[in-house]
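Below: one structure, written as C-alpha cells.
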Amino acid sequence: MRRALLLAVFAGPASAQTAPTLDARSAEAIVTGCAADAAAKHQSEAIAVVDTGGHLITALRMDGNGSGIFDFALAKAEAAAAWGFSTAQMIEAAKGTPGFASAPHVVTVPGGVPIWSSDGKLRIGAVGVSGEAPQDDAACAEAGIRAAGFRSSRG
C-alpha cells in the first residue's frame, strides 16, 4: 500500500500534460527540412537550431559554407530566441526604435525565426539560417519549421 502511494505521488496526476519542448529529434527534423529545401533550390546553407535560451541543440553546415557563415546562422538563431520575433522583424524594429540595432542579440538580417509549438501557443526555440540571400535564408528556416510540424508565429 505504501509503495502504491509513493508511485502515485511521483507519477503525478494521470491527466497532467507536459509542455511542448524542442528536443533533439525535433531540432534535427527542422535541420533536415531546411536542408532539403535548400538542396531542392541548389543552395547551400548553414543551419542552427537553439532552445529558448539560445543554447545550441543541433546544427548543419552544408557543403560550401565557411565557419563565418555558420557563426552568422547561430547569431540569427540566438537573436530570434532572445527577442521572440524574427530577425526580419528586427529590421523594422531598428528603424522605429533608436538604439535597438545596438542592443544585445539583435541581428537586422533575415534568416532568424522563432519556433512555436504546433498549436502556436508556446515558443520553444529558434532557427537561424545563413549562406544564401537573406530572403532565401528566411524561407529555408520557415520550410524547416513547417517540415517538423511546428509554426513560425504565435497562433
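The values are calculated or read from the model by the stated rules, or taken from the named source; none is laboratory data. Quantities reported herein were computed from a predicted structural model and do not represent experimental measurements. For neighbour counting, all protein chains shown are included, and Cβ atoms are generated from backbone atoms with ideal geometry for every residue, glycine included. For the accessible areas, the whole protein counts, side chains as well, though only heavy atoms, and no ligand, DNA or RNA atoms are used. Shrake-Rupley method; radii C 1.70, N 1.55, O 1.52, S 1.80 Å.
At an R0 of 25 angstrom, the distance between the Cβ atoms of Leu56 and Ser153 translates into a FRET efficiency of 0.65.
Mean silhouette area of segment 76-155, derived from the convex hull of its C-alpha atoms and averaged over all directions, reads 4.9 nm². The computed Rg/Rh (Cα atoms, Kirkwood Rh) for the structure shown corresponds, within (1) 1.04; (2) 1.12; (3) 0.99, to (2).
FRET efficiency for the pair Ser118 and Glu28, taken as 1/(1 + (r/R0)^6) with r the Cβ-Cβ distance and R0 = 25 Å, rounds to 0.90. Each Lys or Arg adds one and each Asp or Glu takes one away; over the other residues whose Cβ falls under 12 Å from the Cβ of Gly64, this sums to -2.
Averaging the sequence gap over all C-alpha pairs within less than 8 Å and six or more residues apart, then dividing by the number of residues, gives the chain a relative contact order of 26 percent. Neighbours of Thr87, meaning other residues whose beta-carbon lies under 13 angstrom from its beta-carbon, give a summed charge of -3 when Lys and Arg score +1 and Asp and Glu score -1. Report the net charge of residues surrounding Gly53, where surrounding means a beta-carbon distance below 15 angstrom and charges are Lys +1, Arg +1, Asp -1, Glu -1. It works out to a net charge of -2. For the chain, carbon and sulfur atoms together expose 56% of the accessible surface, with a 1.4 angstrom probe and every protein chain in place. Stretching Ala133 away from Ser44 to a fully extended chain increases their span by 31.0 nm, per 0.36 nm per residue minus the current alpha-carbon distance. Mean residue ellipticity, 222 nm, helices only, the chain: the sum of -39500 (n - 2.57) across DSSP H runs of n ≥ 4, divided by residue count and rounded to 500, is -14000 deg cm²/dmol.
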